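Structure incoming, see below.
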Amino acid sequence: HNMSADSPLRFIQMWIEPRRLGLPPNYGSYESSREERANRWAHLVGSVGDNGAQGVPVAVHQDVNLYVCELEGEGEELPAYPLKRGRQAYLLCMEGEVEVRSRDGDGKDGDAVALARHDACQLFGEREVALALTPSGGNAHVLMLEMRKR
């Protein structure tokens, strides 16, 4: 429900199953600043008790990380994100258009995938993979959910 008459609302609802049954619910919300996510990954959700997730605004009982970035300007490239072996990522292009490129551990480029608004893709890290996002039509807003491969 949007309580503002002049600001748009973007609502993305996700359900993440806990590591095991019986854990106390852990959830939250957070509004990041433009500076936090401008041309870099902002780490918004991480795992309770994970040293790499200390200081994230929202912690959950699962081995999962949620990042968001807002690419500003034609041709701006985001620093690569290392998707490790045994991990997977789900990318959602919320606004704009991006090109997702993967590189293996030897630096060889994989296939590029173009995503437009509301498009998504999955990436699997069978080896070290880096993600490079380049907006092809101005600004772009991308969400990445990174987790253990199932």
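Given the options Leu21, Leu133, Leu92, which has the most mean-square fluctuation in a GNM of the chain, springs set between C-alpha atoms less than 10 angstrom apart?
Highest fluctuation among the options: Leu21.
Starting from the amide H of Gly138, placed 1.01 Å from N in the peptide plane, find each other amide H under 5 Å away whose residue is 5 or more places distant or on another chain.
Residues meeting the criterion, in which the H sits 1.01 Å from N, are Glu74, Gly75.
Cβ under 10 Å from Ala114's Cβ, Ala114 left aside: what net charge do those residues give with Lys, Arg +1 and Asp, Glu -1?
-3
Continuing with the same structure: Could you work out what % of the accessible surface of the chain is carbon and sulfur, using a 1.4 angstrom probe and leaving DNA, RNA and ligands out of the count?
Within the chain, the accessible surface is 48 percent carbon and sulfur.
For the chain, what value does the Rg/Rh ratio take when both radii are computed over Cα atoms and Rh is the Kirkwood radius, given to two decimals?
Using only Cα positions, Rg/Rh for the chain is 0.97.
What accessible area, in Å² to the nearest ten, does a 1.4 Å probe give for Tyr90?
90 Å²
Which of Asn26, Asn65, Asn39 moves most in a GNM of the chain, Cα contacts under 10 Å?
Asn26
Treating the beta-carbon of each Lys and Arg as +1 and of each Asp and Glu as -1, no other charges, what is the dipole magnitude of the chain about its Cα centre, to the nearest 20 debye?
800 debye
For Ser136, what is the net charge nearby, where nearby means another residue's Cβ is under 10 Å from its Cβ and Lys, Arg count +1, Asp, Glu -1?
Once positives and negatives cancel, what remains is -3.
What number comes out for accessible area per residue over the chain if the probe is 1.4 Å? Units Å², please.
62 Å²
So how do Arg103, Arg85, Arg40 rank on accessible area, 1.4 Å probe, biggest first, that is with the largest at the start?
Arg85, Arg40, Arg103
Oh, and also: If DNA, RNA and ligands are ignored and the probe is 1.4 Å, what is the ranking of Cys93, Cys121 by accessible area, most exposed first?
Sorted descending by solvent-accessible area, the residues read Cys121, Cys93.
Let me ask something else. Within a Cβ distance under 14 Å of Glu17, other residues only, what is the Lys/Arg minus Asp/Glu net charge?
So the surrounding residues net to +3.
Suppose only helical runs count, i.e. DSSP H with n ≥ 4. What mean residue ellipticity at 222 nm does that imply for the chain under -39500 (n - 2.57) per run, divided by all residues and rounded to the nearest 500 deg cm²/dmol?
Calculated mean residue ellipticity at 222 nm is -500 deg cm²/dmol.
Residues with amide H under 5 Å of Arg103's amide H, sequence separation 5 or more or different chain, H placed in the peptide plane at 1.01 Å from N; which?
Those lying under 5 Å, H to H, from Arg103 are Gly110, Ala130.
The values are calculated or read from the model by the stated rules, or taken from the named source; none is laboratory data. Small disclaimer: the values here were computed from a predicted structure and weren't measured. When we count neighbours, we look across all protein chains shown, and the Cβ atoms used for this are built from the backbone with ideal geometry, even at glycine. With ligands, DNA and RNA removed, areas are computed over all heavy atoms of the protein, side chains included. Shrake-Rupley method; radii C 1.70, N 1.55, O 1.52, S 1.80 Å.
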